[in-house]
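**Q** Questions regarding the structure given below will be posed in turn.
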Amino acid sequence: MSIQLPKAIATYFAADREGHAADIANCFLDTAFVRDEGHTYLGRDEIRRWKEEASTKYQYTATPFNVTTDGARTVVTSHLSGNFPGSPVDLRYAFVLSGDLIEQLEITL
């Protein structure tokens, strides 16, 4: 089953598949933030470093399989599998978009 993702979110998951932290960071506004694993990353530089560190620790694939809206948030559920503790797992990515860029992202179980 194929799902339709907004452009900014589709670009994010495509860049994540390729493992390019700079391309992932460029999906976000300069003032964006990401919340993941109890940490908050502010701005493109911190977001890029977050993805670089994750890529050096773990190899994984993320396969989005559901998308819903919750107010201003677009929530994508994605199946992750790889060499990280607890693999595989389904994670919820709650995006707030601003045009074709991501303003906020919170990743939870």
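The values are calculated or read from the model by the stated rules, or taken from the named source; none is laboratory data. This structure is a prediction, so every number in the text was calculated from the model and none was measured. A quick note on method: Cβ atoms are made from the backbone with ideal geometry, for glycine too, and the neighbour counts reach across all protein chains shown.
**Q** Looking only at segment 1-12, which residues are of a type in the set (Gly, Ala, Ser) and either modelled with pLDDT of 95 or more or part of a strand (DSSP E or B) (or both)?
**A** 8, 10
**Q** I've got another one for you. Evaluate segment 48-64: report whether one residue or more is within 18 Å of residue 17 (Cα to Cα), in contact (Cβ under 8 Å) with a residue 60 or more places away in the chain and either surrounded by 12 or more Cβ atoms within 10 Å (Cβ to Cβ) or over 13 Å from the mean Cα position of the chain (by Cα) (or both).
**A** yes
**Q** Being at pLDDT below 95, in contact with a strand residue (DSSP E or B) (Cβ under 8 Å, 6 or more places away or on another chain) and not polar (S, T, N, Q) is the filter here, so list the residues in segment 38-61 that pass it.
**A** Scanning segment 38-61 gives 58, 60.
**Q** Give segment 1-55 a look and list any residue that's more than 20 Å from residue 97 (Cβ to Cβ) and among the hydroxyl-bearing types (Ser, Thr, Tyr), or say none.
**A** Hits for segment 1-55 are 2, 55.
**Q** Let me ask something else. Yes or no: segment 13-28 includes at least one residue that is polar (S, T, N, Q) and not in a strand (DSSP E or B).
**A** Yes, segment 13-28 contains a residue that is polar (S, T, N, Q) and not in a strand (DSSP E or B).
**Q** May I pose another question? Can you pull out every residue in segment 34-86 that is of a type in the set (D, E, K, R) and assigned to a strand (DSSP E or B)?
**A** 35, 36, 70, 73
**Q** Cβ-Cβ distance below 6 Å, separation of 6 or more or different chains: which pairs start in segment 96-107 with a residue that is in a strand (DSSP E or B) and end on one that is at pLDDT 95 or above and among the small types (Gly, Ala, Ser)?
**A** Final answer for the pair search is 96/72; 97/8; 101/8; 102/8; 102/32; 103/32; 106/94.
**Q** Let me ask something else. Output the residue which, of all residues in segment 65-97 that are among the small types (Gly, Ala, Ser) and surrounded by fewer than 15 Cβ atoms within 10 Å (Cβ to Cβ), is farthest from residue 2 (Cα to Cα).
**A** 86
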